[in-house]
Structure formats: structure tokens, C-alpha cells
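Below is one structure, written out as C-alpha cells, with a few remarks after it.
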Amino acid sequence: EKLDEGLEKSKQSFFDKLSRSVAGKSKVDDEVLDNLEEVLITSDVGVETTLKIIKRIEERVARDKYVGTDELNRILREEIAGLLSENNSDRTRGFEIPVKNEPYVIMVVGVNGVGKTTTIGKLAHQFKQNGKKVVLGAGDTFRAAAVDQLVIWAERVGVTIVKQAMGSDPASVAFDTLQSAKAQGADVVLIDTAGRLHNKVNLMNELSKIKRVMQKVYPDAPHEVLLVLDGSTGQNAFEQAKQFTQATEVSALAVTKLDGTAKGGVVIGISDQFQIPVKYIGVGEGMNDLQAFDKFEFVDSFFG
Ligand code: GDP
């Protein structure tokens with residue numbers, strides 16, 4: 001299983017730490033809880049979510065009087081599945097594209113380098129496999145490389161792409177893309193955007209402008225704002241989520257590069273802290289290495 005493989009490092013590191021934290025202990029007591037807190041924090045679950053999990057386990061220990069350390073794995077798993085349930089519906093299967101006369105418009109945001117272009121390419125591939133007509137919009141007009149990469153993905157996957165000259169207005173690209181999607185009778189539109197975070201006001205204005213212009217073509221657009229985060233960057237991903245959620249209304253998350261990192265705990269913390277569903281996770285560089293996030297599979301892969 002790709003997901004199991006992808007999360008192997010996170011899992012290994014988590015379990016090593018966990019078993020060290022309970023070594024020589026048969027009962028969950030304050031010391032074990034303190035150690036567990038550290039394990040969760042160093043696994044990039046994030047402070048707030050860690051404290052929430054510890055509090056829930058404390059309550060359980062207080063209620064049940066005796067909780068053996070051999071039960072800790074099961075309890076943690078239950079609590080984490082519970083947390084993930086609060087903002088990830090029972091079986092998330094990625095985006096559900098409604099059958100309609102107008103396309104489902106997905107605006108993709110995120111900082112450069114997180115895997116935005118790759119995620120758009122992989123998504124286009126998935127939608128196309130499912131029989132959808134897809135149009136891409138190369139809205140990151142500030143980076144020639146971003147447009148070039150997206151063009152390569154469009155060719156590889158076999159979908160249409162709308163682009164303009166470097167430095168042109170991203171909102172204008174978005175407008176053209178929706179016009180083209182309309183003319184072609186597309187089912188899904190994926191719009192790339194520039195991920196410049198250095199100026200929050202600019203980012204906010206730019207994203208609102210893109211939205212406003214798209215709404216001239218389709219008043220309901222965008223149907224999703226997908227924030228792409230690099231799961232291997234731990235706390236940076238938290239910080240980016242904070243910045244982007246302040247700049248625009250983010251409806252879904254994609255967490256990339258979970259293969260080859262021990263920081264998979266970031267998925268748990270980010271989903272909890274921002275109350276936004278994780279819709280996809282990236283587990284490799286290939287076309288098929290994007291998975292619809294399923295909290296049960298995730299917890300199973302993480303806790304083995
Ligand atoms: P962008 O600047 O955000 O558009 O980032 P790109 O899509 O160009 O990706 C940056 C690098 O990360 C590329 O080398 C991708 O192949 C790689 N990448 C993207 N997603 C994943 C993933 O899920 N796993 C791995 N291992 N690499 C990824």
C-alpha cells in the first residue's frame with residue numbers, strides 16, 4: 001500500500017519515541033503523560049492539538065483509575081481518529097464533482113515549492129481518469145518555471161491549459177480560463193495562483209481579485225480554495241496555514257511530501273487547528289501519487 005509506505009518513516013519515528021516514553025512503566029501516570037506530550041510535539045502534531053489529546057487521555061485515566069501503558073496505543077488511536085472526525089467526514093473521497101452545466105472551479109493556493117504545480121497535475125490526472133473534462137489555468141504568472149511546469153503536466157495528463165505572457169495579471173488568466181472552460185463545456189477547472197507570502201495585504205488583494213473576476217463568469221466560483229502545504233516542513237506548514245486562512249477562505253487542504261518524512265503528525269494538528277478538512281495527501285512525485293485522504297486509512301497506517 002502506497003499510504004503505508006508513505007507514512008512508514010512517520011510511523012517508525014513515532015513508535016520509537018512512544019516506546020521509549022513508556023519504557024519500564026506499566027501504568028499511564030503523570031510522567032508517561034509528560035513523555036507522551038513531548039512525543040506528540042516532536043512528531044509535529046502541534047502544541048494546541050497535543051494538549052487537547054493529552055487532556056482527553058488524562059480524563060480517561062482519571063475515569064478508569066488504571067490505564068496500562070499497553071493500552072496507550074489503542075487509546076491514542078481512538079482519540080486521534082476522534083479528533084480527525086470532527087472536521088473530516090466519515091469517508092472523504094477527495095472532491096466530489098457534481099454533474100452540472102457549469103464547471104467545478106478549484107482555486108489552488110500555497111507557497112512556492114510546496115508542490116502546488118505537482119498537485120494540480122495529479123488532480124487533473126485523477127479527474128480525467130474519472131471521465132471529467134479538465135481545464136487548467138496557469139495563474140502563477142510571476143514564475144516562468146511554474147507556467148512551464150504546468151504546461152508539461154497538462155501535456156502529460158492530456159488536458160487543456162490556458163496561459164498568458166509572464167507577468168500578466170493572474171486575475172485575467174483566471175477569467176480567460178473560465179471563459180475557455182465555459183466554451184469547452186468543462187467539468188473541472190484548476191486555477192494555479194502565485195504563492196507570494198511576503199506581503200499579506202497584497203496576497204489578500206490578489207486572491208480576492210481573482211475570485212471577483214471569476215465570479216463575472218460563474219457567480220458561484222470558486223467552489224473550492226485548496227491550500228497546498230508541504231508536510232515535510234512541520235511548523236512552517238502550520239505558519240503557512242495561518243497566513244493563508246487569514247488572507248482568504250480556505251475550504252480544503254492538500255498535504256504533500258508525506259513520503260520520506262517523519263513529520264506525518266502534521267496532518268493531525270493542521271486539520272484540528274484550522275478546522276479545515278484534509279482532502280488529499282501527496283506520497284510521491286508521480287502522477288498517481290496523490291491520495292484522497294481517508295482518516296481511517298491514515299490512522300491505520302500511522303498506528304499500524
Ligand atoms: P510548487 O512550486 O509549489 O508548484 O512546487 P512543485 O509542484 O514544482 O513541486 C516542488 C518539488 O516537490 C518537485 O520536485 C516535486 O516533484 C516535489 N513534490 C511535489 N509533491 C510531492 C510529494 O507528494 N512527494 C514528493 N516526494 N515530492 C513531491
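Just so it is clear, none of the values below were taken in a lab; they were calculated from the coordinates. All values derive from a computational prediction rather than experimental measurement. Because the Cβ atoms are built from the backbone with ideal geometry, glycine has one as well, and the counts that use them run over all protein chains shown.
Sort out for me the Cα centre separation of the range 1-61 from the range 96-126, rounded to whole Å.
34
How high is the relative contact order of the range 68-152, in percent, with contacts defined as C-alpha pairs under 8 Å that are six or more residues apart?
Relative CO of the range 68-152 lands at 15 percent.
Within the range 129-156, list the residues whose amide N lies under 19 Å from a label point set 7 Å along Cα→Cβ of Q179.
135-141
Once you put a point 7 Å from the Cα of N112 and another 7 Å from the Cα of E155, both along the Cβ direction, what distance in nm separates them?
2.3
Show me the ranking of peptides 210-216, 224-230, 17-23 by mean Cβ neighbours inside 10 Å, starting with the highest. It would help to have the intermediate numbers written out before the result.
Working: 210-216: 18.1, 224-230: 24.1, 17-23: 15.7.
With the highest mean Cβ count within 10 Å placed first, the list reads 224-230, 210-216, 17-23.
Relative contact order (percent) for the range 251-304, with alpha-carbon contacts under 8 angstrom and 6 or more residues of separation?
The normalised contact order for the range 251-304 reaches 35 percent.
Roughly what would the spin-label model give for S172 and E285, points 7 Å off Cα along C-beta, in nm?
About 3.4 nm separates the two model spin labels.
Would you mind computing the Rg to Rh ratio of the range 45-126 from its alpha-carbon coordinates, Kirkwood style for Rh?
On the way: Rg = 19.6 Å, Rh = 16.7 Å.
Rg divided by Rh gives 1.17.
When you take every Cα atom in the range 1-59, what is the radius of gyration, and what is Dmax, the widest Cα pair distance, in Å?
Spelled out, the Cα radius of gyration and Dmax of the range 1-59 are 12.5, 37 Å.
Mean shadow of the chain, computed from the convex hull of its alpha carbons, in nm²?
The number I arrive at for the chain is 15.4 nm².
Place +1 on the Cβ of every Lys and Arg and -1 on the Cβ of every Asp and Glu in the chain, take the dipole about the Cα centre, and give the residue among S251, F303, A62 whose Cα lies farthest towards its positive end.
Positive-most Cα among the choices belongs to S251.
Restrict the search to the range 37-120; then list the chymotrypsin sites (Phe, Trp or Tyr not before Pro) that DSSP places in a loop and that have at most 16 other Cβ atoms within 10 Å of their Cβ.
Within the range 37-120, the qualifying chymotrypsin sites (Phe, Trp or Tyr not before Pro) (loop, at most 16 other Cβ atoms within 10 Å) are Y66.
Using only Cα atoms and rounding to the nearest 10 degrees, what angle (0 to 90) does helix 72-85 make with the longest principal axis of the chain?
Roughly 30 degrees between the two axes.
Just want the ordering: L190, L36, from fewest to most Cβ atoms lying within 10 Å of their own Cβ.
L36, L190
How far apart, in nm, are two points set 7 Å out from the Cα along the Cα-to-Cβ line at V99 and at E78?
For V99 paired with E78, the spin-label model returns 4.2 nm.
Go ahead and collect, in residue order, the members of the range 282-304 whose backbone nitrogen is under 16 Å from a label point 7 Å along the Cα-Cβ direction of E8.
283-285, 301-304
Expressed as a rounded percentage, what relative contact order does the chain have, with Cα pairs under 8 Å and six or more residues apart?
Once divided by the residue count of the chain, the mean separation gives 28 percent.
Apply 1/(1 + (r/R0)^6) to the Cβ-Cβ distance of A292 and Y66, taking R0 = 45 Å, and write down the FRET efficiency to the nearest 0.05.
0.65
Evaluate 2.2 N^0.38 Å with N set to the residue count of the range 128-252, then give the Cα radius of gyration divided by it. Before the final figure, lay out the partial values.
Numbers: Rg = 14.6 Å, N = 125, 2.2 N^0.38 = 13.8 Å.
Normalised Cα radius of gyration, the range 128-252: 1.06.
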